[in-house]
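Structure first, then comments.
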Amino acid sequence: MSVLQGIRDGEGNTPLHLCAGNLDLRIDTTTSSNGGGGEEEKVEIDHLGVLREIVSSTTGDSKPWTAQNSEGDTPLHMLVSSPLCTVESNKSSREPSPTNEVKEKLAKEAITLALSTPEGVEACLLQERTGGTPLHIALASGAHDCVIEALLSASPASARIEDSRGMLPLHWAGAFGKANYSMVKKLVEEYPKALISCTVDGDIPLHLAVSNALLEEDSVGGGRSWEGDNSTRVDKVSDCCLSLWIVCVILDIIRLKQIYFHLLNT
């Protein structure tokens, strides 16, 4: 197995890359022959069995978690954006559901396994082609809270790393709008200066959060006419945009409050 770990495909992916990136929740069924009714029975699946096997077979000085493919992605980048480690994408994706609860439990086990080795922690600081760390990618992909928390806990310095556009993880949280209040708060607590840090285009995270919220509203509402019920607008703005706003209120950053109201009224 250790020899196979070093083999790469045409895009520079190792077996660990492919395993980590394709983790997902599967429920297999089989047809029971008892009673002749052909009833389906659930089959227990070890979702992380292959991942454990690959990690446990690592020997010598090999560092499978820090291996980067042609795009600069490590297996950790791919793990945090895998179907297993991300919340299902639907309008109520952050609402508790049996599926998401099971996925989050497995995601926590997977990220703990990845970060249990020194090279796993080292991978937290590695950047892919656009400069994104695994934390950037997790925020963009809508990773489970436990995944984001684990990355921050293992490598607090990752909250301070900028991508090629000068965007910190907090900028990505605002731009993609998939982080909830508690995750935004953790990012700010780890690096408060991020709230007023500007990208190469001069944007602070709140600029991107408001812009993202308004773009989503336009796509859902068909423009800014907002005839009738305004609940769609409120719902959209109340995600990461308001998370950043609440943090600003708590920290009493007056300048950011003014920016928020100015952008919402333009």
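The values are calculated or read from the model by the stated rules, or taken from the named source; none is laboratory data. What you see is a predicted model, and the numbers here were worked out from it, not measured in a lab. All Cβ positions, even for glycine, are placed from backbone atoms using ideal geometry, and neighbour counts span all protein chains on display.
What to note about this one:
- Conditions (1) surrounded by fewer than 17 Cβ atoms within 10 Å (Cβ to Cβ); (2) aliphatic (A, V, I, L, M); (3) touching a Phe, Trp or Tyr at 6+ places or on another chain (Cβ under 6 Å): number failed by ALA140: (1)
- Hey, VAL121 farther than 30 Å from GLU11 by Cα and either within 15 Å of the chain's Cα centre (by Cα) or buried (at least 16 other Cβ atoms within 10 Å of the Cβ) (or both) or not: no
- Qualifying residue in segment 204-218 (condition: at pLDDT 60 or above, more than 30 Å from LEU76 (Cβ to Cβ) and part of a helix (DSSP H, G or I)): yes
- Members of segment 151-174 that are of a type in the set (A, V, I, L, M), part of a helix (DSSP H, G or I) and buried (at least 24 other Cβ atoms within 10 Å of the Cβ): LEU151, LEU170, ALA173
- For segment 98-114, the criterion of being in a helix (DSSP H, G or I), surrounded by fewer than 20 Cβ atoms within 10 Å (Cβ to Cβ) and outside the structural domain of ILE54 (by TED's automatic domain parsing) is met by no residue.
- Single match in LEU152, LEU206, LEU113, LEU195 (criterion: at negative phi, under 16 Å from the mean Cα position of the chain (by Cα) and among the aliphatic types (A, V, I, L, M)): LEU152
- Where LEU125 falls short, out of the listed (1) under 25 Å from SER211 (Cα atoms); (2) not in a helix (DSSP H, G or I): (1)
- Selection from segment 181-196 of residues that are at pLDDT 85 or above and either within 23 Å of THR86 (Cβ to Cβ) or crowded, with 18+ Cβ neighbours inside 10 Å (or both): SER182, MET183, VAL184, LYS185, LYS186, LEU187, VAL188, GLU190, TYR191, ALA194, LEU195
- Members of segment 175-191 found to be farther than 16 Å from GLY132 by Cα and either in a helix (DSSP H, G or I) or among the β-branched types (Val, Ile, Thr) (or both), listed by number: TYR181, SER182, MET183, VAL184, LYS185, LYS186, VAL188, GLU189, GLU190
- Residues of segment 32-68 satisfying the condition of being at pLDDT 90 or above and small (Gly, Ala, Ser): ALA67
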